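What follows is calculated from the coordinates using simple rules that are stated; it is not laboratory data. Given the structure is predicted, the values throughout are model-derived calculations rather than measurements. So basically every Cβ, Gly included, is an ideal-geometry build from the backbone, and we count neighbours across all protein chains shown.
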């Protein structure tokens, strides 16, 4: 950009050199661009189109960085002329203010940071880097710029909530401590309590806590509360601006207001390296306020870019960002696998996980294995102990979870593959036992190949236009391909950069490979299965590999591999090649939850109104009956009884455990019904002679696909009753 000053006199106006003018339509899309000729603009647009456009004049940004959207143009220190067309459809821009021209200078601002996820490794939590994650960097509109544009009815609703005239809206689940420290704002008195019972069922990382609404009062300063009561719409806008330190933390918790008070535009994207680090630069005008930056992250899951980190914009914006300041992003999404893996040396097939979290080495392989639970024997063959640390009922780190739905079989191949002898692989399966662990039929125990599902491996390449670098996801087809008389899948090379994949020096992919996705509902019913991994050459001839080729994770340290032991290899008596084999328990059956009407002195509570009469407060019993079950006991349950609005726990009426046997307070009968008796006096508590009660039963299926817990196998029931004397 040239640096001539603006000179104005009665005869002419001289504008700086190096300006550009951009025209946008009402929808915010860029229509045309041009450079001024003197103090006039000439666009290649029809008059009818230009008359309704919005035009912005500014110094031409560095190549490729001109604002593509209307919102981006509005953010800049640009001049927006009034659209009055001359005889040649020109627009006069001779009225550019001097003070605006003085702001027309550019400087480069750079940001850097790291993306990690926390994993439990060898008994301790460690932050592991996420490589090749796509980080989106966005700029948030200044708060003060948008407040004048908020409609009156939105301001009225915001005021009514702050003054508690209408219920407090349920907030967005907040993940990790919000970045309030990034803005000079105090935390509000928390109107939302963090409750242990509201913990989300997180897989593969630390638990995600969900914010639950409580009845706490919003503690606004008295002076602000008084002004809110009587403020007009304009006074309300001024009050929000003047007292933004008071209001912004509350806005963070209420998503319904975000579209009105916050706007975010993407300025660039960047990939993380093998240390999880990223850096990017963007241009700003020298007198513009410091940028307010927001970051969100995508990661390739099953070959598709998937959003894994996108927290609330107002809670996680880095306000007044200092160029060069380190940004730390911790992903908690359960689908994201651990860390970034360097290539393995040699001919290795490290069979890592089912899904992105269920370590193969944590799946019980002994057919006779069992645990004792609630006085019963529970057989654990083929079950995983993945994500059991928070189950309770003595089930922590026990093999109790079956597999269901679609299972991704994840393998990391070493640099020695593909080789001249080994170019393809194939998975096969057989059913060895039914869902009751009784031997399957002879026909079911025959091996069947998994060779019909199309598989590919995703990789990314960089695409540069000007100074902007973007990323494209492409796919390397793995098969199935005919090899001789068989069908198999190509082993992907250690790097996608070569001519056999991308032929591009910027190509990258994760060293982990989803080698097969198994739809368990298409197998031969629920039961215990074995999955076998075999290797072939290009002619379709099966290859014998050393036992040390097949590896699994060290059960005590999942970041290390070790040769698969005999439990994971077929015996030489059955197959002289001793291929890799793993046992997996499959179950796709749902749980059951039923609350039956209570009975007191031979009377059952009415289904319609729920009232039941008792004879004597001291001697009458309330008989509770519930059904919490699963055909193969793959579930836990909790049952709670609440009196009125009281928060006092009715311990003698509550229970929980695995659906396998009797629990505290409740006895499981042969008809799969849990029963318990509680004295009327105990339930009434401080209530004189009558009270109403709510019953809640939730049955949690233990099923997993190795990436998440499958809530679709849960069941629940609600009921209510009221006690009154005869």
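Worth pointing out:
- Per-peptide average of other Cβ atoms within 10 Å, ordering 306-314, 539-547, 633-641 highest first: 633-641, 306-314, 539-547
- Here the label points at residue 604 and residue 241, each 7 Å from Cα along the C-beta direction, are separated by 6.8 nm in the simple model.
- For peptides 647-658, 24-35, sequence by mean Cβ density within 10 Å, most packed first: 647-658, 24-35
- Packing-based ranking of 508-516, 579-587 yields 579-587, 508-516, ordered from highest to lowest mean Cβ neighbour count within 10 Å.
- Label-to-label distance, nm, for residues given as residue 692 and residue 611 (7 Å Cα→Cβ offset): 1.3 nm
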